[in-house]
Structures are given as structure tokens and as C-alpha cells.
Amino acid sequence: DVRYAGRDSLIFLIDASEAMFEMNDDDTSAFDMTMQCVHRVYTSKIISSERDLLAVVFFGTQKHKNSVDFKHVYVLHDLDTP
């Protein structure tokens, strides 16, 4: 596809199972730390490279939202500019 030519693409595939939401000793969860990382990358990409493409996909979810109707897969942000 021509619209992806010459662009970097990054897809975050994030575990959203119950275990990821268990609180650590410092009152954060693995999911919280993961989303902080995603937020930092999005912020960095917005500032440094407007041509790069990003996507966020959760797996292990109770709900599903994706183009092929896979169960337990939720696409938060399709591959596109942030």
C-alpha cells in the first residue's frame, strides 16, 4: 500500500487479561506501567515524526472491537498517525 511507503509503523499489542491489573507493592499494575509507556511513545512520535504510524491493540479483553470480529481482541487505535 502506497500510503505506508517510507513510514515507520509501530503496533502495541497489549495483554489486557485480569493478571495485568493486579496491583503491585507500589499501588500500580503492569497494565498501568504499560499504558504509561504507550503514552510516552505517542507523545514522542507526535513531536518528532508526524509521518510515523502507530496502533494500539489489546488482547485478552472481555469485549471485542476489530475488523474481523476476533473474540477478546480490542483495537483501540487503528494503524494511523497518532
- Query: Rounded to the nearest 500, what is the chain's calculated 222 nm mean residue ellipticity when only DSSP H runs of at least 4 contribute -39500 (n - 2.57) each, over all residues?
  - Reply: -8000 deg cm²/dmol
- Query: Where the accessible area of the chain is counted over protein heavy atoms with a 1.4 Å probe, how much of it, in %, is carbon and sulfur?
  - Reply: 55 percent
- Query: In nm, to one decimal, how far is the modelled label at Arg7 from the one at Arg40, with both set 7 Å along Cα→Cβ?
  - Reply: 2.5 nm
- Message: Could you report the chain's accessible area per residue, 1.4 Å probe, as an integer in Å²?
- Response: 73 Å²
- According to a simple spin-label model (label point 7 Å from Cα along Cα-to-Cβ), what is the distance in nm between Asp80 and Asp26? 3.4 nm
- Message: Report the rotationally averaged projected area of the chain based on its alpha-carbon convex hull, in square nanometres.
- Response: 6.2 nm²
- Task: Please go through the chain and write out the GluC sites (Glu not before Pro) that DSSP classes as loop and that have at most 14 other C-beta atoms within 10 Å.
- Result: Glu22, Glu50
- Considering only the chain, percent of DSSP beta bridges that pair antiparallel, nearest 5: 45 percent
- Loop only per DSSP, at most 11 neighbouring Cβ atoms within 10 Å: give me the trypsin sites (Lys or Arg not before Pro) in region 1-80, ordered by residue number. Arg51, Lys63, Lys71
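The values are calculated or read from the model by the stated rules, or taken from the named source; none is laboratory data. Everything numeric in this text was worked out from a predicted model, so none of it was measured. Every residue, glycine as well, gets a Cβ built from its backbone with ideal geometry; the counts of neighbours run over all protein chains shown. Areas reflect the complete protein model, heavy atoms only, side chains present, ligands, DNA and RNA absent. Shrake-Rupley method; radii C 1.70, N 1.55, O 1.52, S 1.80 Å.
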